[in-house]
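Reviewing the structure listed below.
The values are calculated or read from the model by the stated rules, or taken from the named source; none is laboratory data. Note that the structure is a prediction, hence the values are computed from the model and not measured. Here the Cβ positions follow ideal geometry from the backbone for every residue, glycine too, while neighbour counts run over all protein chains shown. Areas reflect the complete protein model, heavy atoms only, side chains present, ligands, DNA and RNA absent. Shrake-Rupley method; radii C 1.70, N 1.55, O 1.52, S 1.80 Å.
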Amino acid sequence: ASGKSICYQLPILNQLLLDGQSTALLFFPTKALTYDQLKSFSNIIYGTNMILDPNLAAVYDGDTPATQRSAIRQHSRILLTNPDMLNIGILPHHTNWAHFFEHLRYIVIDEIHLYRGVFGSHIGNLIRRLKRVCDFYNVSPHFIMTSATIANPIDLAQNLIEDNVS
């Protein structure tokens, strides 16, 4: 409840207002965080006078009903998910997500302090795959990473995305 989510919510929503096609991918380590963020985005979107598509933000995870998945792929511009679903449900089927990836402007990775050790290696490989898919669609989205207080956030972030960060 520190308010760190606003550091990525506002740039994403601003970009969506400026460019009617842009998209954002956010992934969180737990379902609870994912649904909390959906609620937070919804409060901003629907608690203002902005005219935005009601299908703008959606959670896509293992609990998403099959009947809703196609609509999410076609209409959602803010996709909230978890590493497992990104690994097995999105990246291997990226051609089904072509429009989403062609317009991807932001990738948010929350709670990066959890991505160390073996789990961190898995997440690092997942991010490499994600970046290859982005290259395939010729996009270079901005990465925004958040964390609890840790001693080496820049080192950890640079190791995860294999790029310079600030």
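Looking only at region 120-135, which residues are free of Cβ contacts under 8 Å to residues at least 12 places away in the same chain and either within 15 Å of Gln158 (Cα to Cα) or open to solvent by less than 10 Å² (accessible area, probe 1.4 Å) (or both)?
The answer is Ser121, Asn125.
I need the full set of residues from region 90-119 which are part of a helix (DSSP H, G or I) and open to solvent by less than 10 Å² (accessible area, probe 1.4 Å), in order please. Step through it out loud before you land on a result.
From region 90-119, those part of a helix (DSSP H, G or I) are 90-102, 112-114, 117-119; that's our starting set.
Passing the criteria: Ile90, Leu91, Trp97, Phe100, Phe101, Ile112.
State whether one or more residues within region 142-165 are within 24 Å of Ser42 (Cα to Cα), among the acidic types (Asp, Glu) and not in a helix (DSSP H, G or I).
The first filter runs over region 142-165 and keeps only residues within 24 Å of Ser42 (Cα to Cα), leaving 142-148.
So of that shortlist, the ones also among the acidic types (Asp, Glu) come out as none.
There is no residue in region 142-165 that is within 24 Å of Ser42 (Cα to Cα), among the acidic types (Asp, Glu) and not in a helix (DSSP H, G or I).
Any chance you could count how many residues in region 63-89 are in a helix (DSSP H, G or I) and either open to solvent by 70 Å² or more (accessible area, probe 1.4 Å) or within 21 Å of Ile12 (Cβ to Cβ) (or both)? Even if it seems obvious, please write down each step before you answer.
Quick first cut of region 63-89, residues in a helix (DSSP H, G or I) only: 66-75, 83-89.
Now narrow it down to the ones that are either open to solvent by 70 Å² or more (accessible area, probe 1.4 Å) or within 21 Å of Ile12 (Cβ to Cβ) (or both): 66-68, 71-75, 83-86, 88.
Number satisfying all stated conditions: 13.
Taking Thr23, is it over 19 Å from Arg128 (Cβ atoms), open to solvent by less than 80 Å² (accessible area, probe 1.4 Å) and touching a His at 6+ places or on another chain (Cβ under 6 Å)?
yes
Does region 76-96 contain at least one residue that is over 15 Å from the mean Cα position of the chain (by Cα) and in contact (Cβ under 8 Å) with a residue 24 or more places away in the chain?
As a first pass, look at region 76-96 and keep what is over 15 Å from the mean Cα position of the chain (by Cα): 88, 92-93, 95-96.
Still in the list and also in contact (Cβ under 8 Å) with a residue 24 or more places away in the chain: none.
For region 76-96, residues over 15 Å from the mean Cα position of the chain (by Cα) and in contact (Cβ under 8 Å) with a residue 24 or more places away in the chain: absent.
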